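Following: one structure in structure tokens, then a few remarks.
Values quoted throughout were computed directly from the atomic coordinates according to the rules given, and no laboratory measurement underlies them. In this text the structure is predicted, and so the values were computed from the model without any measurement. Quick reminder, even Gly has a Cβ in these numbers, built from the backbone with ideal geometry, and neighbours come from all protein chains shown.
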Amino acid sequence: MPNNISDTFTFPPPTSEQKIREYDLWATHYYAYHAKATKTGIPLLDKDGNELGPKVSKKDWCKAAVEATIIVEDGTGAKTVYNYAAKPQTIQVDCSRYTPRFPEGRIRYQLARGPFGDGVDHDGDGIRMVLVPFRTMAVAPAASGIPYRTLIYVPDARGLPFTLPSGESKTHDGYFFAGDTGTAMDGRHVDIFGGDSPANPFPNFIKNQPEGGFQAYSIQNSSIAEELASLHDNLNG
């Protein structure tokens with residue numbers, strides 16, 4: 001199992017004293033998109049417009065652009081992870097057929113640090129946090145008031161069953177970590193990272209629309225926060 005996957009989901013619920021601030025949120029979910037390399041397809045470009053190496057089908061390119069992370073498998077079965085690097089004005093691909101809500105294919109990529117992609121560079125040192133399946137929450141700090149690296153507790157997530165990328169079944173303890181952001185998120189909107197599966201990991205509270213809101217809390221608990229921070233920093237990865 002990659003060392004940035006949390007295998008402990010048994011943290012106790014927070015006490016009332018540990019709840020620092022309450023939020024009224026609504027959620028969508030995102031994932032690392034899988035694609036197979038093709039000989040004649042659409043190349044992945046870096047932020048300067050140079051080809052990174054692999055090419056994928058137009059459909060895969062467009063669908064991966066929505067998720068901002070793509071895992072490309074070559075002919076030998078080897079997998080390489082690429083992550084969002086920039087979104088220039090120049091349109092590379094017309095995606096209106098495959099992703100009509102996001103028709104302009106303008107995503108540029110870079111090699112990812114994490115096995116499921118990367119989140120944000122929260123302090124400007126050029127090192128991004130990595131995405132942790134079922135732990136990473138993408139937020140819009142300026143609009144939501146949730147800073148990066150905040151420990152978030154969602155009561156509605158506690159006790160929900162889910163499956164790790166390894167196939168192991170778990171029950172969630174309700175804790176998430178603000179380690180990523182999105183380009184089209186308002187204050188109440190958060191995005192939950194579900195690993196490499198396109199399925200909604202928590203349909204009980206991820207409703208994909210503002211009307212499907214839920215309560216969440218920022219939590220002050222140094223031991224839990226440090227453990228989730230360590231997974232996202234992935235210093236040994």
Query raised in the report: At 222 nm, what helix-only mean residue ellipticity would the chain give, in deg cm²/dmol to the nearest 500, using -39500 (n - 2.57) for each DSSP H run of four or more?
Result: -3000 deg cm²/dmol
Query raised in the report: Here are several values of Rg and Dmax of the Cα atoms in Å: [x] 17.6, 58; [y] 17.0, 51; [z] 20.2, 67. Which one was derived from the coordinates shown?
Result: [x]
Query - Point-charge dipole on Cβ atoms (K/R +1, D/E -1) for the chain, about Cα centre, debye to 20 - result: 740
Report summary line: Answer in debye to the nearest 20: the dipole magnitude of region 33-111 about its Cα centre, from +1 Lys/Arg and -1 Asp/Glu charges placed on Cβ, is 220
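With both bridge residues required to lie in region 33-111, what share of the DSSP beta bridges run antiparallel, to the nearest 5%?
80
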Requested in this report: Taking the chain as the reference, fit the longest principal axis to its C-alpha atoms, fit the long axis of helix 58-67 to the helix C-alpha atoms, and give the angle between the two in degrees, 0 to 90, nearest 10.
Outcome: 20
Query raised in the report: Can you give the net charge of the other residues whose Cβ lies under 14 Å from the Cβ of LYS59, counting K and R as +1 and D and E as -1?
Result: +2
**Report entry** Anchor LYS47: aspartates and glutamates whose Cα lies under 20 Å away (excluding residues fewer than 8 positions away in-chain)
**Finding:** ASP60, GLU67, ASP94, GLU104, ASP118, ASP121, ASP125, ASP180
Requested in this report: Lys and Arg at +1, Asp and Glu at -1: add these up for the other residues within a Cβ distance under 14 Å of GLN215 and post the number.
Outcome: +2
Report summary line: Of the listed links LYS170/LYS207; LYS58/LYS87; LYS36/LYS170, those spanning more than 23 angstrom between alpha carbons are LYS36/LYS170
**Report entry** Span from the region 24-82 Cα centroid across to the region 171-237 one, whole angstrom
**Finding:** 22
Query raised in the report: Excluding same-chain residues fewer than 8 positions from LYS55, which aspartates and glutamates have a Cα within less than 15 Å of its Cα?
Result: ASP46, GLU73, ASP74
Query raised in the report: Which net charge results when you count Lys and Arg as +1 and Asp and Glu as -1 among the other residues whose beta-carbon is under 15 Å from that of ALA112?
Result: -3
Requested in this report: Give me the distance in nm between label points sitting 7 Å out from Cα along the Cα-to-Cβ direction at ALA78 and LYS36, one decimal.
Outcome: 1.8
Query raised in the report: Which whole-number percentage describes the relative contact order of the chain, with Cα contacts under 8 Å and a sequence gap of 6 or more?
Result: 28
Query raised in the report: Using alpha carbons only, how many degrees (0 to 90, rounded to 10) separate the axis of helix 222-233 from the longest principal axis of the chain?
Result: 0
